[in-house]
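Working notes, beginning with the structure itself.
Coordinate-derived values only; no laboratory data. Because the structure is predicted, anything quoted here is derived from the model rather than measured. FYI the Cβ positions are ideal-geometry reconstructions off the backbone, even for glycines, and counts take in every protein chain you see.
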Amino acid sequence: MFILILAACGAEIDTGTLSLSLSDTTTTEYSAVYVTIEKVQVHKDGGGSWQVVASPNKTYNLLALVNGATEQLGITELETAHYTQMRLIIGESPDDTISLLSKSHPYANYIIDNADTYYELKIPSGLQTGIKIVHGFDINENQTTELILDFDALRSIVRAGNSGQWLLKPTIKVLDTNECSIVSGEIVDENGDPLDPLEGVLVSAQIYDPVADDIKDKVIIQTSTVTDEIGLYTIFMQPGTYNIVAYKDGYSPACSHLIAEPDTTYNTEDFSLTEASTGTVSGEVSIPGADPEQHVTLSFRQLAQCDGEDIEVKSLNIANNTEYSLSLPEGAYSAIASTYGKETQTDGIGIIRDTETPLDISF
């Protein structure tokens, strides 16, 4: 649709269309992650005020937006120009829909864990005026620009320690649908019936950069999804070179190398997972002198698992002075711990069957 807006001086202003949708880089750590989005604003290059482009004022379950599913946030007409950034305003009151437990939403922003317990997500004070997303895009005359806000549920949630609170620190990427690659496939259990599909497998598109200045940036999760009840998955991603990694608790990870071209579909990225013996790693995270809301991102990686490149098997955010524990398949790992303003730490650990491996992190 093409519209001409009449300016105050009588001149005509050319416009195009911006279409915004929401999706999720998912996690299997929770049953649901609910976030209420009040509105989305954009900022034009060269200054001026923020302009509202979507006002959904709606509560979304991010974990339902997987395998290619998206939710429309809004469609609006904008002046043709280059726009430099967006701002996402998180709501304070939920809408009147019901949760997956068939109950009204208790909070605007909250999680439901795998034991069906609710936990409110607190918005840090610095984000209450909006979450800025620095991503440039162009609005062209008589054209539609389609963008997807890819909300990373796992990396956006931090469990605070002594306070008992859960924090929402949104991590959001922007995908341009005009350039997106689509990757899909099927995952089965190699040890069982070869046609037995695996539900709930986390499939991630990982970028490996061996020359990154910081070791934490040598493996980056670009996006992820989870297989459905018949073992199928679909991922949208920007063009690039990736390791597609499939992982489920109780199984060894599997991966394949893929060069994704623009506007191309790859529908045969299939995997067979093998059951694995597991152990646990646990400890406490501390950042002396830091704010209680500051957190550490702890990434467990296996070396040279995909064409000689490292992959991330599992990661989590841990707030200051908080204990953690997680299960991993038996084997050798590199544990990468990073936090704001501190040098990244690396520890080599071995996970042994039915054994707890201690790993405390202190900055």
note = Quick calc, Asn114 & Glu190: beta-carbon distance into FRET formula, R0 22 Å, rounding 0.05, result 0.30
Counted charge near Thr17, where neighbours are those whose Cβ lies closer than 11 Å (Asp, Glu -1; Lys, Arg +1) = -3
remark   = Measuring from its Cα centre, the chain shows a charge dipole (+1 at each Lys and Arg Cβ, -1 at each Asp and Glu Cβ) which, in debye to the nearest 20, is 1140 debye
note = Quick numbers on segment 278-362, Rg and Dmax over C-alpha atoms in Å, give 13.1, 42
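In this model, which of Lys58/Lys132; Lys103/Lys173; Lys218/Lys248 are farther than 24 Å apart at the alpha-carbon?
On the way: Lys58/Lys132 19 Å; Lys103/Lys173 31 Å; Lys218/Lys248 22 Å.
Table pairs above 24 Å Cα-Cα are Lys103/Lys173.
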note = With label points set 7 Å from each Cα along the Cα-to-Cβ direction at Leu303 and Glu92, the distance between them in nm comes to 5.1 nm
inquiry  = Test of understanding: what is the full-extension gain from Lys103 to Ala332, defined as 0.36 nm times their sequence separation minus their Cα-Cα distance?
reply    = 78.1 nm
request  = Take every Cα-Cα distance within the chain, group them into 20 Å bins from 0 onward, and report for each bin the whole-number percent of pairs it holds.
outcome  = 27, 58, 14, 1
Förster radius 35 Å - calculated FRET efficiency between Asn142 and Asn267, Cβ distance, rounded to 0.05 = 0.60
message = Could you tell me which residue out of Tyr266, Ala290, Asn67 lies farthest along the dipole of the chain toward its positive end? Charges go on the beta carbon: Lys and Arg +1, Asp and Glu -1, centred on the Cα centre.
response = Ala290
Three-way shape call for segment 78-177 based on the alpha-carbon gyration tensor, with the a/c threshold at 1.5 = prolate
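Which chymotrypsin sites (Phe, Trp or Tyr not before Pro) from segment 66-166 combine a DSSP loop assignment with at most 10 other Cβ atoms within 10 Å?
Loop-located and lightly packed - none at all.
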query = What does the helix-only formula give at 222 nm for the chain: each DSSP H stretch with n ≥ 4 adding -39500 (n - 2.57), the total divided by the residues, and the result rounded to the nearest 500 deg cm²/dmol?
reply = 0 deg cm²/dmol
inquiry  = Please compute the length gained on full extension between Glu179 and Glu323, using 0.36 nm multiplied by the number of residues separating them and subtracting their Cα-Cα distance.
reply    = 47.7 nm
task = For a footprinting-style exposure proxy, rank Ile37, Ile351 by other Cβ within 10 Å, fewest first.
result = Ile351, Ile37
note = So for R0 = 30 Å, FRET eff. of Ala69-Ile352 from the Cβ-Cβ r, to 0.05, ends up at 0.15
